[in-house]
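Inspection log for the structure reproduced underneath, given as structure tokens.
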Amino acid sequence: MSKRIIFMGTPDFSVPILENLIESPYEVVAVVTQPDRPKGRKRVLTPPPVKSCAEEHHIPVLQPEKVRVEYEDILSYEPDLIVTAAYGQILPKELLDSPPFGCINVHASLLPEYRGGAPIHHAIIDGKEETGITIMYMVEALDAGAMIEQRSIKIEESDHVGSLHDKLSDIGAQLLLETLPPLFEGELTPIEQNDEEATFASNIKREKEHIEWEKSQKEIYNQVRGLHPWPVAFTTYQGKSLKVWWAEKVNRSTDEVPGTIIEVEENGPLVATGDGKAIQITDLQVSGKKRMKAEDFLRGSSDYFAVGDKLG
């Protein structure tokens, strides 16, 4: 007999996982996602990616503003299992306790490392060489439930949040389908997490996006790629915000104060870092303008950056 599954997810990360589930032998009886939110400069009301996917497959969609108090409609579907992936709200005990096979989560880290809402960003910013997917039972504490399956992946030097996000989403979709048959057959042996080894990956705040030029070349490079393509690192120049969409490590030594522009090459300005090295800003966005390759920007504004000026 096919099992009845409710899927709860919101952003692009969740979509491949939902699509794989829809194509599986199991029945996705409903999808729960965050309410539509205004987006862009015109504040257009926009559905979450998971909602659009569910509607394409004619699956009922529920969008409670606060699932902690608006869960009765979800229970009315009488699911055998609830699967979550980047849903964005804490589930109440009434939901966690209801399905006969429980509630499981597809989390983008090797738990107990990086519990929380931004594990991909923090793994790259911290310079980790490995991350992965953990499928775990959900409990009332944040990402603290027993682990069912884990799969690791190497973080390449060229990876950024966007590329790693897509890899982990695909791995999560595949690992979930491999996990469900033994889960429903009662053949799994979950492993409790060691709370003493837990680290946390809170959502990225504005101050985390600001480049501190006193840091080393490697730390700044990791910060830029750990915030690309969202929410994007920034610095200031001539009193205005300057978004740094991408930067490259360059083989240059300098004794200039960190943040000082030491040279302006065709591909972009070279900036001193805290360990006596330099980094080149190759993709940028000046306040009030669109994102550009630095070489294209400099072609029309060759005198914008001046050697000796300091970024803040």
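The values are calculated or read from the model by the stated rules, or taken from the named source; none is laboratory data. Everything numeric in this text was worked out from a predicted model, so none of it was measured. Methodologically, a virtual Cβ is constructed for each residue, glycine included, from the backbone with ideal geometry; neighbour enumeration extends over all protein chains shown. Quick note on the areas: whole protein, heavy atoms, side chains included, nothing else; ligands and nucleic acids left out. Shrake-Rupley method; radii C 1.70, N 1.55, O 1.52, S 1.80 Å.
Key figures for this structure:
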quantity	calculated
Per residue value of the accessible surface for the chain (all protein chains in place, 1.4 Å probe), Å²	49 Å²
Of the DSSP H helices in the chain, those whose Cα atoms cover at least 30 Å axially and whose Kyte score averages 0.0 or more	161-184
Accessible-area composition of the stretch 96-218, carbon plus sulfur, in percent [1.4 Å probe]	46 percent
Prolate/oblate/rounded label for the stretch 168-283 (Cα gyration tensor, a/c 1.5)	prolate
Simple label model, 7 Å out from Cα along Cβ direction - Val69 to Ser241, nm	3.3 nm
Along principal axes, Cα extents of the stretch 127-233, largest first, whole Å	54, 27, 20
Among (i) 43, 21, 15; (ii) 44, 28, 14; (iii) 48, 38, 17, the entry derived from the coordinates for semi-axes √(5λ) of the Cα gyration tensor in Å	(i)
Greater than 20 Å apart at Cα, pairs in Lys39/Lys208; Lys51/Lys167; Lys154/Lys208; Lys277/Lys310; Lys215/Lys243	Lys39/Lys208; Lys51/Lys167; Lys154/Lys208
Euclidean distance of C-alpha centroids, the stretch 81-112 and the stretch 225-291, integer Å	40 Å
